[in-house]
1. List the residues whose amide H sits under 5 Å from the amide H of Ile91, counting only those 5 or more places along or on another chain, with H placed 1.01 Å from N in the peptide plane.
2. How many percent of the accessible area of the range 74-115 is carbon or sulfur, using a 1.4 Å probe?
3. Under 5 Å between amide H atoms, partner at least 5 residues away or on a different chain: which partners does Ser54 have, H built in plane at 1.01 Å?
4. Using θ = phi - 60° and the Karplus curve 6.51 cos²θ - 1.76 cosθ + 1.60, what whole-Hz ³J(HN,Hα) does each residue of the range 64-75 get, with Gly and Pro shown as x?
5. Dipole of the chain, Cα-centred, from +1 at each Lys and Arg C-beta and -1 at each Asp and Glu C-beta, to the nearest 20 debye?
6. When only Cα pairs under 8 Å and 6 or more residues apart are kept, what is the percent relative contact order across the chain?
7. For Ala33 and Cys59 in the same chain, what is the full-extension length gain: residue separation times 0.36 nm, less their Cα-Cα distance, in nm?
8. What share of the DSSP beta bridges in the chain is antiparallel, in percent to the nearest 5?
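The values are calculated or read from the model by the stated rules, or taken from the named source; none is laboratory data. Just so we're clear, the structure is a prediction, and the values are computed from it rather than from any experiment. FYI the Cβ positions are ideal-geometry reconstructions off the backbone, even for glycines, and counts take in every protein chain you see. These area figures cover heavy atoms from the full protein model, side chains too; ligands, DNA and RNA do not enter into them. Shrake-Rupley method; radii C 1.70, N 1.55, O 1.52, S 1.80 Å.
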Amino acid sequence: MKPHWNWSAERRREAFLALEDGTVFRGWSVGAARDALGEVVFNTSMTGYQEILSDPSYCGQFVVMTCTEIGNVGLNEEDMESARFHASGLIVRNLNEPSNWRATETLRSMLVRTG
């Protein structure tokens, strides 16, 4: 697990979310550098983003996490709902480094690694 990443360097990777009605939201990408299509849904969980992303029922969807701080728990192999991530994307306000003793990988590194 990488102890710290250069957040300001990551902020230079602009991203946007374009909705069917023409509304465009601009932000910063910290995951895989790729384009994707999907339905935007939300989830109100404070944790469990690993289980949400690896749940096949979220296939083809961008999940907006309503909790403002995501990433604190990190990821580990034991908490996967399936063998891979199924969601098309994850939208968060702020991504944090993990501070959980069970974490073996950061959310950011998993998003990059798995595309």
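1. Amide H to amide H, under 5 Å and 5 or more residues apart or across chains, Ile91 pairs with Val63, Val64, Met65.
2. Working: 1110 of 2440 Å².
Here it works out to 46 percent.
3. Here the answer is Glu81, His86, since their amide H atoms fall under 5 Å of that of Ser54.
4. For the range 64-75, the Karplus-derived couplings read 8, 8, 7, 6, 6, 10, 10, x, 4, 7, x, 10 Hz, x marking Gly and Pro.
5. It comes to approximately 520 debye.
6. Values: 206 pairs, mean separation 31.7, N = 115.
The normalised contact order for the chain reaches 28 percent.
7. Once the chain is fully extended between Ala33 and Cys59, it gains 7.5 nm.
8. Working: 7 of 17 bridges.
Here the antiparallel bridges make up roughly 40 percent for the chain.
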